[in-house]
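Each remark here refers to the structure printed beneath this line.
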Amino acid sequence: MQRTSRDKFDYAKRPSVALRGRGAQRIVRRPYEERATITRKVFYEYESTKRAIKRRFALMKLTFPVMACAIFVIGAFVALQGDQVNQQVEAQIHNLQQSAEEGSSDRVVPDETPPSNVGSYAVAPDQPRFIRIKKLGVEARILQLGVNSKNELEAPSNIYDTGWYEGSSKPGEHGAVLIDGHVHGPSTKGVFYGIRDLVAGDVIEVERGDGKVFNYRVVRSEISPTSEVNMNAALISAEQGVPGLSLITCTGNVNYAESSYDQRIIVFAVQQ
């Protein structure tokens, strides 16, 4: 029987479905409209993914300059802070140097010449002779000192020496051995420049004139304005009944009117 135009089978526009017949299989394709819909869907998904990737790359391109800017700003800030600290130190050194050039009846600018014949330095057998702080690389003579005309604790005439206040205890005695030292001179660091880095548990050695060595363990540090330093506390052991040691030096900012620091630091230690 001959098919009419209405009965004609358009294989290009039929679903692609496998139909099982009598031992045979006929493959019928999807209609054109359905294939076109699937194609558009795949295309839209592809375009959407491509746009997402483009946005991500654009965001990354924007993020890198921002991060670079942030790193630059942080680096500039750190450099500025470092410059300010250096300027402050330079100003302090300049002030001390100027004081040295002008001279002062109340203050003697310390000598920066390393002392010679340190090994032959001798004191009475029961007096402190040397101080050693391995953590700071310190090994210095201990000179016997008193107070000046203003009843202020005298400081050594050399930045590499320390001074034992003769009114304080001797090593091994009750009370505390009080030792003074410079934080720095007109142009270089002094013997006690790093004592702010000492913490509880650090060890300080004091050798007596007879060669006996006393080990002291750091207990704490205390910073006070110059006018409020408790010298009585510095002469008393940090632990009752145990011989003590107190180290004192300048810290804080320079008082330009008086050519001195506005704070003092005391490191308290006890005999082990």
Could you name every one of the strands (runs of 3 or more DSSP E) located completely within segment 169-272 that has at least 3 residues being more than 22 Å from residue 155 (Cβ to Cβ), in contact (Cβ under 8 Å) with a residue 12 or more places away in the chain and open to solvent by 40 Å² or more (accessible area, probe 1.4 Å)? 213-225
So, of the residues in segment 137-152 that are within 32 Å of the chain's Cα centre (by Cα) and open to solvent by 50 Å² or more (accessible area, probe 1.4 Å), which turns out to be nearest to residue 193 (Cα to Cα)? 137
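Being within 28 Å of the chain's Cα centre (by Cα) and either under 18 Å from residue 260 (Cβ atoms) or of a type in the set (A, V, I, L, M) (or both) narrows it down to one residue among 198, 178; which is it? Walk me through it before giving the result.
On the way: 178 fails: within 28 Å of the chain's Cα centre (by Cα).
Testing whether each residue is within 28 Å of the chain's Cα centre (by Cα) and either under 18 Å from residue 260 (Cβ atoms) or of a type in the set (A, V, I, L, M) (or both) leaves just 198.
The values are calculated or read from the model by the stated rules, or taken from the named source; none is laboratory data. The structure presented is a predicted model; accordingly, all values stated were derived computationally and were not measured. Neighbour counts run over all protein chains shown; Cβ positions are idealised from the backbone, glycine included. Areas reflect the complete protein model, heavy atoms only, side chains present, ligands, DNA and RNA absent. Shrake-Rupley method; radii C 1.70, N 1.55, O 1.52, S 1.80 Å.
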